[in-house]
Every structure is written in structure tokens, then in C-alpha cells.
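Structure first, then comments.
The values are calculated or read from the model by the stated rules, or taken from the named source; none is laboratory data. All of these numbers come straight from a predicted model, not from anything done at the bench. Virtual Cβ from ideal backbone geometry, glycine too; neighbours counted across all protein chains shown. Ligands, DNA and RNA are stripped out before the accessible areas are found, and what is left, the full protein with its side chains, is counted by its heavy atoms. Shrake-Rupley method; radii C 1.70, N 1.55, O 1.52, S 1.80 Å.
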Amino acid sequence: MKLPDGPKTPPWLQLLQWIADPLGYMETSFQRYGDFFTARWGNLYPKAVFISNPQAIQEIFTADPKLFDSGRGNGLGKVVVGEHSILLLDGSSHQRRRRLLTPPFHGERMQAYGDLICTLAKQVSSQWTIGKPFSVRKSMQEISLRVILQAVFGLNEGPRYEELRQLLAEMMDMTVSPLRASMLFFKFLQKDLGAWSPWGSFRRRQQQIDRLLYAEIQDRRRQNDLERSDILSLMISARDEQDQQMTDEELHDELITLLLAGHETTASSLCWALYWIHYQPQVRDKLLQELNSLGADPDPTDIVRLPYLTAVCQETLRIYPPLFLTWPRILKAPLKLGDYHFDTDTVLLPCIYLTHQREDLYPEPKQFKPERFLKRQYSPFEFFVFGGSNRRCVGAALAMFEMKLVVATIVSNYQLALTDSQPVKPQRRGFFLAPAAGFKMMITGRRVRQEQPSQPVGSSI
């Protein structure tokens, strides 16, 4: 069972390349080896196969989930999300947890957060000053963090809210660069040498956050308020087929997982969306035309249905997806994909970034073209920014909902400009892809929304 060809550099050097320059590592390997290539990262993944062939990805996503040991494949994240996170579960445990977590992120419950998201976006953006540059990342982090704390955690004021807000932001910033992110990949760097050591500082913030979260969970259980609609309250009240609730440890780990997956990724996606919208003025103009067609005070449910806004968000997520790859899948039995026969314990990595960069699917893939999503319906094996199959992101619908509403709120109310004409480069930020640090914009004026009776852009598509 011969593995696909791949880079020949030593495993330790490959891992360093993957941490320091993941896009360069993937693109160079794809150009040389094609749709399948094998990465060797030493003890982390001795044999990991990158896959960017849509047919092969379809076979993986539609295969019996029992064929994969996906929870074990996510072991790298255990130090961050904890051993009870849905990311580390498999089989019946994973199915049970998924059934408990899914309802709060869909239907009327999710839409109830629409006004909250718009209000929070307005609160943060109201602090901007005309003519004064501001950090886009800090602002988008603040919005996404407030959404997490209020919609998910159910906190909007008080000492616990303020302390969590500060600690969570600090913890996220501890992996701001590839160098700092290295401690997530190398066990020998995960040494607590005191409060001033990188890992020691990281662990102390984790412990402080743990203390606050467990206190909130215990308070919420005692209150037993059935009228609350935040996601934590819904998770506490949820019961499985055996009438069992999640334990405090399970709730804690899922909250941390939602924070990691929902805060950092959404903040990065919002940064990229604002960048592309203002880097290409024609995109901004089309989007404004569509937003104005809804009138002066549109309902959030009408905003999220706008086709061009949806296409802008999809293209943002296509060109620089927050996650490079789906969660790893370790084979529990042999599997044939294309011309290859993969043996047990092979790690399969359906590659989001490389698939989204395929010329045959997305002509001129380096160009930002929202119209491609108006002209074509992509399959879940060609566009899969939230993963696929039973490992698809539970909060995908809420993430898109939030992204659309924040973008629409900011673009509708402010005239913004980039402070630098140079293209913004992507870089690793922890496990994710984000705009390079230092990306700034500024307000050049405020908008007054005016009703335009013309059809929304793309409405005839």
C-alpha cells in the first residue's frame, strides 16, 4: 500500500515549514505532487495525506464514520479544548454530544440572536473616530467575543463578564504568530517554567478561565431559569435519550471549543470580508446597492437572505478559509481512494484551502470574485469551509448568520477606507489562518441608509 509522493525534507523541517508558512507548504507540494501528497511530521503525524480531489473528498465525507478515528486525530487540540470536547469524541459518544449541541444553533433559537448581533456591532463600531486609524482585528475580536459571551455564555455585564472578556482575549492573543503557535505543536515547549514562561502564562490564563466558567455553570444550574435563551442554558437543560445531562466538565470543554471555533475564526473572517470589500470598491458599491434595497431599518432575517451579501461572505471564506484543513481522520481499516490504497492508521486530511484554490472549480482563484457564487452552486465537496459529514461544524449556521449581520451593519453605517494600499498577507494564528497583524482601516464618514426600490444585486440569478 504505497502512499502518495510528498516532500522529501526531514520530518522536523516539514513540521517547521507547516507551522511557519502553511500556505507556502501546501501550494508548493500541490504544484509538485498534485491532488494527493504525503506529509511526514515526525511523531505528530508520521504519515498524513493531504487530499484536494473533490471526488475523493466526497468518498471520505459519505463513508461510514465508523471507518475513521477522528477524535484521536484531533488529539493535538486536547491541551486547549479538554478531553471532553466534541472534537475528541468518536462513535456513540460523538453522536450523543452532537444531538445535544445541535438544536441551539438552528431555527428560531438562532434567529433570536439577530438583533443582538447587530446591536453589538454598532456598539463596537461607534467607538471609531473619523480620520483615526483603528485595528480591524481588535475591533472584530471585540464584536465576536461579545457575541460569544452574550449569545453563548449568557453574560453581558458584571465582574465575571469583564474578567472573562479580558482573559479570553489575552489567551487568544498568545498564539498571535507562527513562533508563538509553535508551543501548540511541540510537546517539549509545553513546560510550565513559571508565570513568565510562554506555556506557564498560557496555563495560568486557562486556569483562571476554568474557575470562572465552572462558577457560571454551577450558578446557572442552581438558578434553573427555563426562560433563558442563551446557548449555555440550553445546553444545561438538554437531555439525551437516556435522560442524561452533560456534566460540568463536558459543558466546560464544549464552551471552550465554541470559543475557539466561534470567536477566533469569525473575527478573522470578518477582517478579511472588510478588507476585500474595501480593497475592491466595485464589490462595496454592489453590496451597498443591495443593502439599501431593504430600506432604512431592515429585519436581520431579511439581511441574511441577500444573495450578493451571501456571495461576498462565501468568497471571503473560500479565498482564505480560517481552517486550512478539515479535522484529521485516522483510518481504522484500509480504504481505496482514486488510485491509492490507504492502510490502517493513515491520517487523511481533506484540504479546504487547496480545494478552494483549484483552477478547474474557481477560475483565477487568487482573485476575489463573489459573482462566482451567484453563477454556480458548489457541492459540499467543492466548498466545505465548515468541514463535512458528521464532523461538520455544529455552529456553522450561527457563524454565517453572524458574519453577514456584522458585515451588513458596518458597511451600511460607515464609509471606511484602508490605510495602506499594499495587499494584506495571511499568516498562521494558532491553529487558524488570519490577516497579518497591523491591518488597519479608518472611517472617512458615516452613512445614512436610504431606501432604493431597485432589485437587490444578483436577485435574478
Being farther than 23 Å from LEU270 by Cα, of a type in the set (Asp, Glu), loosely packed, with under 15 Cβ neighbours inside 10 Å and at pLDDT 90 or above narrows it down to one of ASP243, ASP192, ASP219, so name that one. ASP219
Would you confirm whether or not segment 202-218 contains a residue that is closer than 24 Å to LEU88 by Cβ and outside any helix (DSSP H, G or I)? no
Going through segment 270-291 one residue at a time, which ones are in a helix (DSSP H, G or I) and open to solvent by 10 Å² or more (accessible area, probe 1.4 Å)? TRP276, HIS278, TYR279, PRO281, GLN282, ARG284, ASP285, LYS286, LEU288, GLN289
Does segment 229-240 hold any residues that are outside any loop (DSSP other than H, G, I, E, B) and either open to solvent by less than 40 Å² (accessible area, probe 1.4 Å) or among the basic types (Lys, Arg) (or both), and which are they? ILE231, LEU232, SER233, LEU234, MET235, ILE236
Any residue that is assigned to a helix (DSSP H, G or I) and among the basic types (Lys, Arg) - is there at least one of those in segment 63-74? yes
Residue satisfying condition, being buried (at least 16 other Cβ atoms within 10 Å of the Cβ), within 21 Å of VAL385 (Cα to Cα) and either modelled with pLDDT under 90 or under 22 Å from the mean Cα position of the chain (by Cα) (or both), within set GLY24, GLY73: GLY73
Looking only at segment 172-189, which residues are modelled with pLDDT under 80 and either outside any helix (DSSP H, G or I) or open to solvent by less than 40 Å² (accessible area, probe 1.4 Å) (or both)? MET172, MET174, THR175, VAL176, SER177, PRO178, ALA181
Filter result (of a type in the set (S, T, N, Q), under 16 Å from PHE439 (Cβ atoms) and surrounded by fewer than 20 Cβ atoms within 10 Å (Cβ to Cβ)) within segment 130-159: SER135
If you scan segment 39-64, which residues turn out to be under 27 Å from LEU184 (Cα atoms), polar (S, T, N, Q) and surrounded by fewer than 21 Cβ atoms within 10 Å (Cβ to Cβ)? ASN43
Among the residues of segment 429-449, is there at least one that is without any contact (Cβ under 8 Å) to a residue 24 or more places away in the chain and of a type in the set (D, E, K, R)? no
Given the conditions (1) assigned to a loop (DSSP other than H, G, I, E, B); (2) touching a residue at least 24 places away in the same chain (Cβ under 8 Å), and given that LEU226 satisfies all but one, which numbered condition is not satisfied? (2)
Based on this model, can you work out whether ASP248 counts as more than 21 Å from the chain's Cα centre (by Cα) and either open to solvent by less than 20 Å² (accessible area, probe 1.4 Å) or over 27 Å from VAL406 (Cβ atoms) (or both)? yes
Which number in (1) open to solvent by 10 Å² or more (accessible area, probe 1.4 Å); (2) over 30 Å from LEU179 (Cα atoms); (3) touching a Pro at 6+ places or on another chain (Cβ under 6 Å) marks the one condition that LEU405 misses? (1)
Looking at segment 91-114 only, could you name the residues that are open to solvent by 30 Å² or more (accessible area, probe 1.4 Å) and either among the hydrophobic types (A, V, I, L, M, F, W, C) or within 27 Å of PHE202 (Cβ to Cβ) (or both)? ALA112
Within segment 302-377, considering only helices (runs of 4 or more DSSP H) that don't extend past its boundaries, which have at least 3 residues that are touching a residue at least 12 places away in the same chain (Cβ under 8 Å) and crowded, with 22+ Cβ neighbours inside 10 Å? 307-319, 352-356
Out of GLN166, GLN127, GLN95, sole residue that is over 18 Å from the mean Cα position of the chain (by Cα) and under 22 Å from VAL411 (Cβ atoms): GLN127
Count, please, the residues in segment 400-445 that happen to be under 18 Å from PHE134 (Cβ atoms), aliphatic (A, V, I, L, M) and part of a strand (DSSP E or B). 7
For a quick check of your reading of the model, give me the residue pairs whose first member lies in segment 139-167 and is farther than 20 Å from LYS122 by Cβ, whose second is small (Gly, Ala, Ser) and surrounded by fewer than 18 Cβ atoms within 10 Å (Cβ to Cβ), with beta-carbon atoms closer than 8 Å and at least 6 apart or on different chains. ARG160/ALA215
